[in-house]
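Enquirer: This is the structure, below, for whatever I ask next.
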2 protein chains.
Amino acid sequence: MPAPLKTMADAIRVLSMDAVEQANSGHPGMPMGMADVATVLWTRFMKYDAARPDWADRDRFVLSAGHGSMLLYSLLHLSGGKAVSLDQIRNFRQLGSNTPGHPEWGHTPGVETTTGPLGQGLATAVGMAIAERHLAARFGADLVDHRTWVLAGDGCLMEGVSHEAISLAGRLKLSRLCVLWDDNRITIDGAVGLSDATDQVARFKAAGWAVKAIDGHDVGQIRRAFAWAVRQDKPTLIACRTTIGKGSPNFEGTHDVHGKALGKAEVVATREALGWPHDPFVVPDEVYRPWRAAGRRGRKELKAWEARLAASPQKAEFERAVAGELPKHAFARLDQFIAEAETKAPAAATRQHSGAVLETIFGEIPDLVGGSADLTGSNNTYVKNTPILDAPDYSGRYVNYGVREFGMAAAMNGMALHGGTIPYGGTFLVFTDYSRPAIRLAALMGVRVVHVGTHDSIGLGEDGPTHQPVEHLAALRAMPNLNVFRPADAVEVAECWKLALEAKRTPSVMALSRQKVPAVRTTVAGENLSARGAYQLAAASLPAQVTIFASGSEVSIAMAARALLEADGVGARVVSTPSWELFAAQPEDYRAAVIGETEVRVAVEAGVRMGWDRFIGADGIFVGMESFGASAPAEVLYEHFGITAQAVASAAKLKLD
Amino acid sequence: MPAPLKTMADAIRVLSMDAVEQANSGHPGMPMGMADVATVLWTRFMKYDAARPDWADRDRFVLSAGHGSMLLYSLLHLSGGKAVSLDQIRNFRQLGSNTPGHPEWGHTPGVETTTGPLGQGLATAVGMAIAERHLAARFGADLVDHRTWVLAGDGCLMEGVSHEAISLAGRLKLSRLCVLWDDNRITIDGAVGLSDATDQVARFKAAGWAVKAIDGHDVGQIRRAFAWAVRQDKPTLIACRTTIGKGSPNFEGTHDVHGKALGKAEVVATREALGWPHDPFVVPDEVYRPWRAAGRRGRKELKAWEARLAASPQKAEFERAVAGELPKHAFARLDQFIAEAETKAPAAATRQHSGAVLETIFGEIPDLVGGSADLTGSNNTYVKNTPILDAPDYSGRYVNYGVREFGMAAAMNGMALHGGTIPYGGTFLVFTDYSRPAIRLAALMGVRVVHVGTHDSIGLGEDGPTHQPVEHLAALRAMPNLNVFRPADAVEVAECWKLALEAKRTPSVMALSRQKVPAVRTTVAGENLSARGAYQLAAASLPAQVTIFASGSEVSIAMAARALLEADGVGARVVSTPSWELFAAQPEDYRAAVIGETEVRVAVEAGVRMGWDRFIGADGIFVGMESFGASAPAEVLYEHFGITAQAVASAAKLKLD
C-alpha cells in the first residue's frame, strides 16, 4: 500500500491495538485486518462530512462486525469527528466514555446503529437502504441519494439473519447497498473451516447480488472494487481477503488476535513491524492532515445539498419527516374514529380494529411504511390500494417482507434509524421469538418501530401450541424500554396506536386478538385512558370487594365476571391494563388508586402469571395459562384452560368466603 | 402418474381436503401438492415399519412445513400406523385428538418432531442426521444406518435458520440427509416472487449440497431423484416443482388453497376431477391394500435388525442410550466433586465450575455430545482431548456449531429426539434470544437438551449492553417446562448439572457467570439442595428480621449483605434460588418456610425484577437492573448499577427503620 494511505491505515491499526491494550479488553484483529479497506472507503468513496454526522443525505457506514468497534472509533477520530477524541479512545470500554465495547447508536455521533449481536448490522443496513430508496422516490434524488456500506465478518454471514437480509435485499435490488466482507478465514474458535465451508460468493450471487473478490490489502484492487460497486444495479458484495490482525508479526492470521489485547511485547513488535515510531495515542500531524482532509471531502457536496434543500418546496415536509415529527393533524381522523367507537361499540377482533386504525391514519402520516412477514391478511397490516414498495419504483408504502420475521424486524430498525420513515410490521405474536434479537436492539437504541403481533393467545385456536403465545407477553414486558400494548377493543386499539406512534424513543409491540371481542369502552372518556397504562374501566356498583385486572381479549371476560359477581351481591371493579410500562411510569398515588384495596384481587390473562403479582400480590388469584396451549377451536380452549368469567367469579367468591 | 400410485396419492389429497373441510380449518394446499412425492417416498424408499414407529433404526421423516400436517396424518393412517385412525382424522384440529393443527412429537406416534414454526423442522433434522452418523460411528452400521428425510416449503427456506442448518449440514457432509423442497411458488401472501427471488438450487450448492430439480408430479422423475439422492456423499436437495392444491380444479396453483378449507362446492369438484367417487373419510380396500403393504415393507429389515441387536455385545448399552437412561454410575465422580467442593470452597467463575463438572462427567456419560456456537473457550464447554464430531469420522463428541445459535439449538433438539445422545451447547446467555424459538420447541416437546449460557449478567463487563443479559432470566423463566438454573458456586453448579441431566422431559438453561465468585456452599449438605429450587443457605444468627433472596453470582453479595446487617445487629437469613421452576414444584409448606415471614424481604439479582414478587411480594425490595447495562469493567458496573452488599443492607435497614 503506497504512503500515505498505508500510513493512514496504520494509524487505525495502532490506535486500535493501543486502545485494546489500555483497556486490556477488546478486539484488535478486525480493525487491523480491515484498516486498508476502510481507509480507501473513508478517504475516496464514502460521502460524508466528519463535522456533520447529522447530514440526512450522508452515506451510512454500518459496522456489522461490531466487536471491531475500534475500527469505527479510529475512523471517526481520524476523519475529524468531534465525538471521539483521543481521550475517548484512551477510555475505550470504560464507563461514561463515547467508546463502549460495541458501537452504540445515540451514544456516539457517527455511529449509525448499535451492533455486536452478529448479522444484525447487515440486516439493519438493508432497512436503511430500503428507506433511502423510498425517500429518494418520495422526495427526489436532489434530496436523497446516498449509499449504505456494511462491514461484515464471517460470523455475520453465518448467522441466519444474514440469509433473510441478503435475500430481501437481492429481491428488492437495493443497488445502493454494498457489503464489505472481511474474509479473514478466522473465527473465535479457530479457522472458519472448522465450522463452515460455504461458498459465500456463490451464495450471494444466488440471492441476486453482484460479487467481486479482492485482496483486501491491495489498494488498487480495493479502489477498483468500489468503483465497480457503485455502477451495479444490484446490491454488491466485495469479498475482501484479509489477514486478521495485519501488522502484528507474531499473531496476524491467527485467532489469538481476534478478541484480546496483544500484550506489551507484541505491541512493541507491531510498532516496529509497521514502522510506527510514535507513542501510544499519538498521531502525528502528517497523518492527521490527509485524514482530516478526507473528513472534509464531502463539505462541498453538503453545501450544495443544503442549498437544494433550502430551495425545495418540500423543505418543511422533508425536515419534519427526517426529524421524526408527526404531521400536525396526524390524529385528527383517529380522534373521530375513537369518538365513534365509544358510541357505536363495534365488536370485532382487535387485529381488525388495528387494520381499521391503519386505514384511518395511513393517509395522514405519510412516513408510515407497513409490511408483514407473509401474513398480511391475518395481521391486518395492509391498507387497501397502497402500492408495494419494490424495484424499480420504491415509492410504495408496503413491504412484502416474506417469511423473514427477524429480517423484517432488523430492517424496520434500519428504516427508523435512517430517518424519514416510521415502520410497522406484522407477524403472529408467537413469532416475536424469531424477531426478538432485533426487538431488543430497537429497545436498547430507542427507535420507534411498531411490531404488530396478532393471534396473541390460545384464542388463535386450531393452529395449536406452536402458534399460541403463552409466555410472550411476560417475555416482552421483561424487556427494558419496550412498550407492550394489549388493547381490549376498538377504542383501546386506537389509543395504543397513538401512543406507539408518539413514542419517538421507544419501540412498541401491539398484541392483538385473532378472535372477535366485544367493545368494553362504551362511554365517552374525553381522554386517552390507555396512556395511563392501566385504569379503572368499571367501578363496582356495590361496595367493592373484588378487583379484576385484565388485558386485551380478557377484559371482556373480566367485565362478564364482574356482572356475575354483582348479580351475586359482590361488588367488583375492573381494571384494564393495556400497557404495564406506561402504568409503571405513573405517579405512585395514581397506581395505588388503580390497584385499590379490595379484599380480593384477581387477574385474568390468557398467558402466564409472571409479572402479574405486581397487580394482585403474591397471594392474588390468577386465571390464565400454566402450560402450553393445544389445538382446538378458540372457545373450546378457553373453556378447557378455564379462562372464563365463571372461573374468575368462582375463584373470587371462594376466596371471599 | 400410473395407478395405483396415482390413486394412493389421491387418497392423501382427499383425506387432507376432507379433514380440513370438516374442521373448517387447516392447510390443504401442501398435502395435495406433495402427495405424489410423499407417496413414492413412503412406498419405495423410506425404511420404516408402520406398526413400529419406535424402531431405533427407522428412517426419520420430518415435515418441516408443519402446517401441511394432514399429509403426515394421511401417510401415518394409510400406511397402517395405529395412532392415526379415521376417527382421529375426522377429529382433525379438535381437542384431545391425535391430529392437532401442527404435528406434535410425543402426541402422535410416528411424528418425529413438532413442527410449524417454519425452518425449524429442517434445522432439527440436521441434528437427527448428526446423531445418526455419530451413533453409527459409536455402535456400528449393523445397529445404526438410516436416513433423514425432510419436507420443506418456501417458507422454511426463507427463514434464516435454514441458512444455519444447511451450511452446518453441508460442512458436516451429512449425506444421509435429504430435503424435499416443495417448490410450489406460492406463499400465504401470494406468489413467492413477491418477496423472494433466491436461486435455491445455487444456494444449496454453495452450502455444499448436491441438488436435483424435478417435476414433483412425475413419478419417474421422483423415483430417479430418490435413487440418485441415496448415492450422494453430501446432503441432498430435491427441488420438487409442484402445483399447490393439485387436484382442486379451481384453486390449484393459487394461494387460496394454501391455508383454508376448499369449501363444499370445490370439494365436490375436486372429487370429480380426481375421479374419486368415495364419500368423505372412506378409503376403499384397493387403496388401503397397497398402502398397508408399503407400511409393512420394512418389517423384514426390522426383524433382521432385531436379530443383529440381540446378538450384539453392545445390546444393553445401545438400549440404555436409546432409552435415554443415564449409566448406572453416571454421577459417582460428580458426587466426589461435590464433596470436595463443599470442603475446599473453590472460588472461580461458575462457567469454570461448569467446565470442571463436564470434565468430571464426560467420561461417565458417553451419550453427552457437546458444542458451542463459536465461543468454546468462553463457554467452557470443551472437555480436553475430546475428538471433534466431523466427517468422515463422526465418533467425536464435540460439535463446532459455528456462529449459529439458533441452528445449534434446533440441531440439539434433533439429536435429543433421535435418541442415543444428550446434547449440550454453549453461547452467551444474551444470545438465547437468537436460539429462543428452538428452546421453546424443546420445552413444548419435552426433550432433554442443556443450554450453557455463560456471561449471564452485567458481570460480562466491557462488551457492553448488547452482550449483557438483563431481561433474559425473566424471559426464560416465563417459558413453561424449561428449567432455568442459575447456580452460585461449584457445589450448586454440580447439583444443577445433575438435575439437568436427570430431567428426561425438560430442557435446561444453565446461566453461568463470566466473573469469579466466591464459594457459598461450604458445609457438607448431604443432599442436592438445588433440587429444592430454593433453600435457606444461611440462617440468621440473630432473630431474623430480613430475608435476602438471590441467585447465581449475586448469592455471595447476599451473604456479604447478611454479614453487614448482622454486624449492625440485624438478623438476616439468605435464600439461594438456583431454580424457580423446581421451587414452584415443592410442597406449599416447604415453600412457605423458605420464603419465611421476616419483616423485610429483599431480592438481589443482576437482572430485572419481573417474577421476583413471588418471593418478596409486591412491596418487597429489589436490588437489580431497571435498564440495559453499559460497557465497563464488571466491578465498575456492579457499583454503577448499585448491585452491592452495601446497597442491599442499606435498603433493608431503611425499610426496617
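The values are calculated or read from the model by the stated rules, or taken from the named source; none is laboratory data. This is a predicted model, so every value here is computed, not measured. All Cβ positions, glycine included, derive from the backbone under ideal geometry; neighbour counts span all protein chains shown.
Enquirer: For B:PRO437, indicate whether it is modelled with pLDDT of 95 or more, at the interface with chain A (Cβ under 10 Å from one of its Cβ atoms), surrounded by 24 or more Cβ atoms within 10 Å (Cβ to Cβ) and more than 18 Å from A:ILE188 (Cα to Cα).
Expert: Yes.
Enquirer: Ok, one more. Hey, which of the helices (runs of 4 or more DSSP H) in segment B:329-407, taking only ones fully inside, have at least 3 residues that are under 27 Å from B:LEU441 (Cα atoms) and of a type outside the set (Phe, Trp, Tyr)?
Expert: B:350-362, B:376-379
Enquirer: Determine whether A:GLY402 is on the phi > 0 side of the Ramachandran plot and within 12 Å of chain B (Cβ to nearest Cβ).
Expert: Criteria met by A:GLY402.
Enquirer: In addition: When you go through (1) crowded, with 24+ Cβ neighbours inside 10 Å; (2) within 14 Å of chain A (Cβ to nearest Cβ); (3) under 19 Å from the mean Cα position of the chain (by Cα); (4) of a type outside the set (Val, Ile, Thr) one by one for B:GLY106, which number turns out not to apply?
Expert: Every listed condition holds for B:GLY106 apart from (1).
Enquirer: Being crowded, with 17+ Cβ neighbours inside 10 Å and within 27 Å of B:GLU340 (Cα to Cα) narrows it down to one residue among B:ALA525, B:ALA603, B:ALA540; which is it?
Expert: Only one candidate passes the filter, namely B:ALA540.
Enquirer: I need a count of the residues in segment A:128-153 that are assigned to a helix (DSSP H, G or I), among the small types (Gly, Ala, Ser) and either within 22 Å of A:LEU75 (Cβ to Cβ) or without any contact (Cβ under 8 Å) to a residue 40 or more places away in the chain (or both).
Expert: 1
Enquirer: Residues being free of Cβ contacts under 8 Å to residues at least 24 places away in the same chain and surrounded by fewer than 19 Cβ atoms within 10 Å (Cβ to Cβ): count how many of those fall in segment B:195-217.
Expert: Within segment B:195-217, residues that are free of Cβ contacts under 8 Å to residues at least 24 places away in the same chain and surrounded by fewer than 19 Cβ atoms within 10 Å (Cβ to Cβ) number 3.
Enquirer: Among (1) on the phi < 0 side of the Ramachandran plot; (2) within 14 Å of chain A (Cβ to nearest Cβ), which single condition is B:GLY596 missing?
Expert: So B:GLY596 meets the others, but not (1).
Enquirer: Moving on to the next point. Could you tell me which residue of segment B:109-121 is farthest from the chain's Cα centre (by Cα), considering only residues that are small (Gly, Ala, Ser), more than 7 Å from every other protein chain (Cβ to nearest Cβ) and part of a loop (DSSP other than H, G, I, E, B)?
Expert: Per the stated criteria, the residue is B:GLY110.
Enquirer: Just to be sure I understand, how many residues within segment B:464-484 are in a loop (DSSP other than H, G, I, E, B) and within 7 Å of another protein chain (Cβ to nearest Cβ)?
Expert: 9
Enquirer: Sticking with this structure for a sec: Can you confirm whether segment A:622-639 contains a residue that is away from every other protein chain (no Cβ under 14 Å), of a type in the set (Asp, Glu), at negative phi and without any contact (Cβ under 8 Å) to a residue 12 or more places away in the chain?
Expert: Within segment A:622-639, not a single residue is away from every other protein chain (no Cβ under 14 Å), of a type in the set (Asp, Glu), at negative phi and without any contact (Cβ under 8 Å) to a residue 12 or more places away in the chain.
Here is a yes/no grid of residues against (1) under 25 Å from A:ALA165 (Cα atoms); (2) assigned by the TED database to the domain that holds A:CYS178; (3) not in a loop (DSSP other than H, G, I, E, B):
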position: A:ASP10; (1), (2), (3): no, yes, yes
position: A:VAL37; (1), (2), (3): yes, yes, yes
position: A:ARG52; (1), (2), (3): no, yes, no
position: A:LEU71; (1), (2), (3): yes, yes, yes
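Enquirer: Just one of A:PRO507, A:PRO487 is out of contact with any His (no Cβ under 6 Å at 6 or more places or on another chain), away from chain B (no Cβ under 12 Å), farther than 19 Å from A:GLU554 by Cα and crowded, with 24+ Cβ neighbours inside 10 Å; which is it?
Expert: Unique residue meeting the criteria: A:PRO507.
Enquirer: Kindly indicate whether B:GLY407 is closer than 25 Å to A:ILE188 by Cα, buried (at least 24 other Cβ atoms within 10 Å of the Cβ), of a type in the set (Gly, Ala, Ser) and within 11 Å of chain A (Cβ to nearest Cβ).
Expert: Here the answer is yes, as B:GLY407 does meet what is asked.
Enquirer: A further question follows. Go through A:SER25, A:SER79, A:SER64 for me and flag whichever is touching a strand residue (DSSP E or B) at 6+ places or on another chain (Cβ under 7 Å) and in contact (Cβ under 8 Å) with a residue 40 or more places away in the chain.
Expert: After applying the criteria, what remains is A:SER64.
Enquirer: Here's a follow-up. Identify, please: which residue in segment B:204-251 is within 14 Å of chain A (Cβ to nearest Cβ) and part of a helix (DSSP H, G or I) and is, among those, farthest from B:LEU274 (Cα to Cα)?
Expert: Looking at residues that are within 14 Å of chain A (Cβ to nearest Cβ) and part of a helix (DSSP H, G or I), I get B:ALA206.
Enquirer: What about A:LEU157, is it within 11 Å of chain B (Cβ to nearest Cβ), buried (at least 24 other Cβ atoms within 10 Å of the Cβ), in contact with a helix residue (DSSP H, G or I) (Cβ under 8 Å, 6 or more places away or on another chain) and under 30 Å from B:PRO235 (Cβ atoms)?
Expert: yes
Enquirer: Can you find a residue that is of a type in the set (Asp, Glu), more than 8 Å from every other protein chain (Cβ to nearest Cβ), within 28 Å of the chain's Cα centre (by Cα) and closer than 30 Å to B:THR7 by Cα anywhere in segment B:179-198?
Expert: Yes, segment B:179-198 contains a residue that is of a type in the set (Asp, Glu), more than 8 Å from every other protein chain (Cβ to nearest Cβ), within 28 Å of the chain's Cα centre (by Cα) and closer than 30 Å to B:THR7 by Cα.
Enquirer: While we're looking at this one, here's another question. How many residues does segment B:618-654 hold that are modelled with pLDDT of 95 or more and either in a loop (DSSP other than H, G, I, E, B) or closer than 21 Å to A:PRO103 by Cα (or both)?
Expert: 19
Enquirer: Kindly check whether there is at least one residue in segment B:122-136 that is surrounded by fewer than 24 Cβ atoms within 10 Å (Cβ to Cβ), on the phi > 0 side of the Ramachandran plot and over 20 Å from the mean Cα position of the chain (by Cα).
Expert: no
Enquirer: Also, quick follow-up: Inspect all residues belonging to segment A:447-461 and state whether any of them is more than 8 Å from chain B (Cβ to nearest Cβ), part of a strand (DSSP E or B), touching a residue at least 40 places away in the same chain (Cβ under 8 Å) and in contact with a Cys (Cβ under 8 Å, 6 or more places away or on another chain).
Expert: No: segment A:447-461 contains no residue that is more than 8 Å from chain B (Cβ to nearest Cβ), part of a strand (DSSP E or B), touching a residue at least 40 places away in the same chain (Cβ under 8 Å) and in contact with a Cys (Cβ under 8 Å, 6 or more places away or on another chain).
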